[in-house]
1. Please return the ranges of helices (runs of 4 or more DSSP H) entirely within the range 140-254 where 2 or more residues are modelled with pLDDT of 95 or more and under 30 Å from residue 107 (Cβ atoms).
2. Are any residues in the range 321-350 among the basic types (Lys, Arg) and closer than 22 Å to residue 367 by Cβ, and if so, which ones?
3. Is it the case that residue 264 is more than 30 Å from residue 142 (Cα to Cα) and not hydrophobic (A, V, I, L, M, F, W, C)?
4. Could you go through the range 314-325 and let me know if any residue there is closer than 30 Å to residue 55 by Cβ and in contact with a Lys or Arg (Cβ under 9 Å, 6 or more places away or on another chain).
5. What residue, of 196, 233, 204, is without any contact (Cβ under 8 Å) to a residue 24 or more places away in the chain and under 24 Å from the mean Cα position of the chain (by Cα)?
6. Scan the range 319-338 for residues that are surrounded by fewer than 19 Cβ atoms within 10 Å (Cβ to Cβ) and assigned to a loop (DSSP other than H, G, I, E, B) and report the count.
7. Would you check if there is a residue in the range 308-330 being within 18 Å of residue 385 (Cβ to Cβ) and of a type in the set (Val, Ile, Thr)?
8. Would you be able to tell me the number of residues in the range 307-318 that are in a loop (DSSP other than H, G, I, E, B), touching a residue at least 40 places away in the same chain (Cβ under 8 Å) and crowded, with 17+ Cβ neighbours inside 10 Å?
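The values are calculated or read from the model by the stated rules, or taken from the named source; none is laboratory data. Just so we're clear, the structure is a prediction, and the values are computed from it rather than from any experiment. Every residue, glycine among them, receives a Cβ derived from its backbone with ideal geometry; neighbour counts consider all protein chains shown.
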Amino acid sequence: MGYAETIWSDPVDFLRTVAPDHPVLFLSPAALQAQAQRFLTGFAGLVTYAVKANPDESVITNLAAAGITGFDVASPGEIALIRRLVPGAALHYNNPVRTRDEIAFAVAQGVTSYSVDAQSELDKLAALVPPGGADARPVEISVRFKLPVGGASYDFGAKFGAGETLAATLLRRVATLGFSPSLTFHPGTQCVDPQAWVAYIRAAARIATAAGVGITRLNVGGGFPSHRMHRHAPSIEAILSAINLATAEVFGATAPALVCEPGRALVADSFALLVRVKAVRDGDHVFLNDGIYGAFSEQPLVAATDRLTAWSPRGAERRGTARARTVFGPTCDSIDRLPGEIPLPGDIEEGDYLLVQGMGAYSAVTSTRFNGFGALALHPVLDLRA
């Protein structure tokens, strides 16, 4: 996906001028940097960006320009990307499962923070990672734990995270091995309930007490929500405030340093996606030139967003009475369909465009070229609002 030189005023300005026949993503650097400032101002600790959400170079460089100095990386590819673009950044290798070759690569690149949720994975780290980093400070190993709490679109605990008893055992061994002992968790993607973080922070204190270990840092994970539904704008500030207050209340004078790793919440709302209507079949089903094999790949997991507007090829907004439509993508696969039914203007026509907000996370990075579709351009804009 190439990044164009021209900066447009907004997506509809681009539509009127270019009338694109392929899907287009628009990035507002100003919106991205402003979102970074919300976290940097509201969170009482180190803000790291989860690179997996959107590893585009323009995203990384804009976040660095906004003051983000740490990055959550999950692979050698992401480590190499950040080392190239932001050489002095702190790298947290928090994918809990790694091959020995991947660990060796991370050590060579100066990574000094890892997570773990199993005895066998801790054995690998202990064998390959020197307890002291190049600057003589202890290397951090964060034990990842999980709880049966709700509030998220889907649960990361199904794949990663140790129960409290195992977490305490792992934490005690991390300290015994001479690493800097820390804890980390992830409340689940698109989590809108501040109390989920509070429950995890209380559990972190229980685990540390059971292990008899004072933790140096507590990583409160990702899971921070983006604005997906028009009438329900989540309050990042409320979540950050709850985290700050709960940490102070639960740990008191022994409170660990805090880390967070937002991905979606940092990048999603700084992008919009422009797609074209290929057909309105018999006045009912709407077919788009992008679908679940493209930039809409995550929609079946977290539900379709309703933050969209419809535009004619000349850039006039369609304002017909909305009605629910079945919306399909362009491929010949019958599962290429957005979940549920999408409210679209009744006067929408073939050749029109949909402008979908909040599409910066898990869109371009997971897009495929299945069936020959999926070409996706990226253009910068001053403002995402039309």
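1. Here the list reads 164-176, 194-211.
2. Correct list: 337 only.
3. In short, no.
4. Checked against the condition, which is being closer than 30 Å to residue 55 by Cβ and in contact with a Lys or Arg (Cβ under 9 Å, 6 or more places away or on another chain), the range 314-325 yields no hits at all.
5. Numbers: 196 fails: without any contact (Cβ under 8 Å) to a residue 24 or more places away in the chain; 204 fails: without any contact (Cβ under 8 Å) to a residue 24 or more places away in the chain.
Being without any contact (Cβ under 8 Å) to a residue 24 or more places away in the chain and under 24 Å from the mean Cα position of the chain (by Cα) holds for just one of 196, 233, 204, which is 233.
6. Selection size over the range 319-338: 8.
7. Within the range 308-330 (the criterion being within 18 Å of residue 385 (Cβ to Cβ) and of a type in the set (Val, Ile, Thr)), the answer is yes, since at least one residue qualifies.
8. 1
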